[in-house]
Amino acid sequence: MASRGVAHITIPVDVQVQEIKKGRSERNPIHHTSAIPAYFDQLPARIELVHAADILNRGKKIAILTGQGGLHATLELEELAEMLGAPIIKALLGKAAVPDDSPYTTGGIGLLGTEPSQDAIEGCDTLLMVGTSFPYIEFLPEPGSVKCVQIDIDPQRISLRHPADVGLIGDAKNTIRALLPLLEKHDKGFLEKAQKAKAEWQKLMEERGTRPDKPMKPQVVGWELGKRIPSNAIVT
């Protein structure tokens, strides 16, 4: 509806001509496709970067919510968190954007998230969304209660599930690099509060994950698996 386009279902020709009892269509020969991605260095307009920086510089309690679009911007996200004094909260698809043991992250959000992450979202006055259109709106701030800057390479994702005051259309890594010189150094009080809450949360998780109760609690399985899997791994 947004693009005013025609809705249709397409059945590719290789499917149309494929015989039921044969495994591969003659119209779909091997080695004729590639999984090599193509990237481009799209950047937002300068005036939008300045507008976003103004909102972030005015923020006192900033939270960064990152998703799949931030997977290749680990260093930039941590530098951004250091500059803004902001905890990094991770949507599930952004779990590997920064390691779980990074001092800047409170972990995930949502049904598989952490209490410190939810507290940071509920306590922030400014939300910076990086490469995510997090679908579970019940875990996001109420519209109008916070200022919001959203970075996404897809224009259709801007304000999709939370209203953005500024939408920065571009690659997350390059957009953050362009934004950083415009930002002012923030007090770390909000980040330090989140870090303390994360430490308490990890202590609680260890306590529940090492209990010798019988029958065994499911937290024990999660704890043991977590010790053997790198913190930045993506498990499918």
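Computed quantities for the displayed model
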| quantity | calculated |
| --- | --- |
| Matching option when the condition is under 24 Å from the mean Cα position of the chain (by Cα) and of a type outside the set (Ser, Thr, Tyr), among 64, 30 | 64 |
| Residues located in the stretch 153-203, provided they are surrounded by 17 or more Cβ atoms within 10 Å (Cβ to Cβ), among the charged types (D, E, K, R) and within 16 Å of the chain's Cα centre (by Cα) | 157, 171, 173 |
| Of the criteria (1) surrounded by fewer than 20 Cβ atoms within 10 Å (Cβ to Cβ); (2) farther than 24 Å from residue 50 by Cβ, which one residue 140 fails | (1) |
| Boolean, residue 101 is modelled with pLDDT of 80 or more, out of contact with any helix residue (DSSP H, G or I) (no Cβ under 7 Å at 6 or more places or on another chain), within 23 Å of residue 190 (Cβ to Cβ) and not in a loop (DSSP other than H, G, I, E, B) | no |
| Hits in the stretch 6-26 - residues which are of a type in the set (Ser, Thr, Tyr) and modelled with pLDDT under 80 | 25 |
| Qualifying position, being farther than 13 Å from residue 130 by Cβ and either surrounded by 12 or more Cβ atoms within 10 Å (Cβ to Cβ) or in contact with a strand residue (DSSP E or B) (Cβ under 6 Å, 6 or more places away or on another chain) (or both), among 90, 22, 95 | 95 |
| Test: residue in the stretch 44-52 that is modelled with pLDDT under 75 and either acidic (Asp, Glu) or part of a loop (DSSP other than H, G, I, E, B) (or both) | no |
| Search result, residues across the stretch 115-129 that are of a type in the set (A, V, I, L, M, F, W, C) and within 15 Å of the chain's Cα centre (by Cα) | 120, 121, 127, 128, 129 |
| Pairs, first part of a loop (DSSP other than H, G, I, E, B) and surrounded by 10 or more Cβ atoms within 10 Å (Cβ to Cβ) in the stretch 1-16, second at pLDDT 80 or above and polar (S, T, N, Q), C-beta under 8 Å, six or more apart | none |
| Index of the failed condition, residue 101 passing every other in (1) of a type in the set (Asp, Glu); (2) under 19 Å from residue 169 (Cβ atoms); (3) touching a residue at least 40 places away in the same chain (Cβ under 8 Å) | (2) |
| Within the stretch 110-129, tally of residues that are touching a Leu at 6+ places or on another chain (Cβ under 7 Å) and crowded, with 24+ Cβ neighbours inside 10 Å | 3 |
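The values are calculated or read from the model by the stated rules, or taken from the named source; none is laboratory data. Keep in mind the model is a prediction, meaning the values are calculated, not measured. Neighbour counts run over all protein chains shown; Cβ positions are idealised from the backbone, glycine included.
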